[in-house]
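The values are calculated or read from the model by the stated rules, or taken from the named source; none is laboratory data. Worth saying up front: this structure is predicted, and the values here are computed from it rather than measured. Positions of Cβ are generated from backbone atoms using ideal geometry, with glycine treated the same way; all protein chains shown enter the neighbour counts.
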């Protein structure tokens, strides 16, 4: 029994151990399974995290790629658009000290107002024309600026040797480097082409001393150009060029071809004229007048002439020459013609011309006008600032109180104000304290001495005599004679002097007399061209160097580093 009990006890003990072992194994197995599950969960979380990170990286990478593509596309698009815009409206920066490649404000205003299609043809390749000299380079830039300012204006460069068929379209065969302005229109039902050529010599202005020497020798730049050509004249006499005349020449050509009623001015020579009036001629051309000259002693006044200028003849006109003046102004009874007569203190007696002026109620007196009031003269009493300026034909003046200056001016007498259909009026006058006097010059010192007073009181520097007639439609037509007491009123120096308005005034008067319309106050000054083509100073050079060689590259580098760091840390 005891053995049986012991055996049962052993069996019970063994059974408990087995069960205990089984439980232990089960627990261990469960732990292992739990650990495996934990590992699986960790792995899933890790994989999920990695997948999420990969997706995030992929998302950022895709966005970066998209943004890069968009940025590149925008840059390309911007480049294409700006290129198209700049081709049509080129942007240039004029760094020259005198803005020689830019148009003046008044010229810009006029160019923008042109509403007729104008083609500018330069008969040379662009490279050859711009490389010829600094003046042609400036001329080329001005042409491009004109086209930029107005879509009605276009230009082209034509190599005359490679394109002879284009040159055949013109009545007069163009020369190499010649520039043509042209428009096409209709008149009386017919198509007409209006052209104005500008040569190389027209692009420059020679100094006055050289022109005077040429004149004394019986020559002119026009004569030399016609005989030898522009290129040869510039080659031999280029050292006498003092400034650019391109803006004047181009604006004049533009006005000429776009003006439906061009005005022609003829200067009369052949009587030892005391005044060249070269700048006055340039001023007229710059304001759209067609200017030429004839020898009155051997030639007739051209039929197309609207205005004649008699520039201070030293010798008197012959009766035959005076008859030409009378016939011109009478215009077969139609009137409508204009004349400017310029007197001078250096003239000889001119009885024939005096008789002609008498028909218009005018006379030129002896001596010169002097002012007693020191506030009305400059340095000498005979160099005077005019006190009274008529408001007749002042429509193109930009000031209501213009300052006009003159020197050695003979008094102009108005004999009557109205006589039948004849009228006279003073246009420029002195103060009431003025006087006229003869002068004497000290041969050793050159000092001017004023003699005894001839006439006291208000005196006239300029006056207009007119003949009028009524037309069939009850309109009034005039032929006018404007008499100036001195060539100094139209001298190169005073016309260019910014302090005085001589140039504006006389252009305005002539515009009014001829009925010509123009831009108010348009006066173009020549530009001096010196130095290199790109006339920038050392400071500007330094700024450009540091901007493009250092500042721009450093900015690009810094931006690149910032973008790289930000993308790396995301």
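Condition test on residue 170, is it touching a residue at least 12 places away in the same chain (Cβ under 8 Å) and farther than 26 Å from residue 340 by Cβ? When the stated conditions are applied, residue 170 passes them. For region 219-234, the criterion of being surrounded by 15 or more Cβ atoms within 10 Å (Cβ to Cβ), within 24 Å of the chain's Cα centre (by Cα) and not in a loop (DSSP other than H, G, I, E, B) is met by at least one residue. Just one of (1) surrounded by fewer than 19 Cβ atoms within 10 Å (Cβ to Cβ); (2) part of a strand (DSSP E or B) fails for residue 161. It is (2). Among the residues in region 463-485, are any touching a residue at least 60 places away in the same chain (Cβ under 8 Å), within 30 Å of residue 207 (Cβ to Cβ) and outside any strand (DSSP E or B)? The answer is yes, given that some residue of region 463-485 is touching a residue at least 60 places away in the same chain (Cβ under 8 Å), within 30 Å of residue 207 (Cβ to Cβ) and outside any strand (DSSP E or B). For residues in region 256-267 being touching a helix residue (DSSP H, G or I) at 6+ places or on another chain (Cβ under 8 Å) and buried (at least 21 other Cβ atoms within 10 Å of the Cβ), which is nearest to residue 221 (Cα to Cα)? Selected residue: 267. Would a scan of region 205-213 turn up a residue that is outside any helix (DSSP H, G or I), under 27 Å from residue 295 (Cβ atoms), at pLDDT 90 or above and outside the structural domain of residue 492 (by TED's automatic domain parsing)? There is no residue in region 205-213 that is outside any helix (DSSP H, G or I), under 27 Å from residue 295 (Cβ atoms), at pLDDT 90 or above and outside the structural domain of residue 492 (by TED's automatic domain parsing).
The number of residues in region 355-381 that are over 30 Å from residue 423 (Cβ atoms) and touching a residue at least 12 places away in the same chain (Cβ under 8 Å) comes to 5.
Which residues, counting only those in region 315-343, are in a loop (DSSP other than H, G, I, E, B), under 24 Å from residue 488 (Cα atoms) and at pLDDT 95 or above?
Selection gives 316, 317, 343.
Looking across 480, 498, one residue alone is in the same structural domain as residue 392 (by TED's automatic domain parsing) and either touching a strand residue (DSSP E or B) at 6+ places or on another chain (Cβ under 6 Å) or crowded, with 24+ Cβ neighbours inside 10 Å (or both). It is 480.
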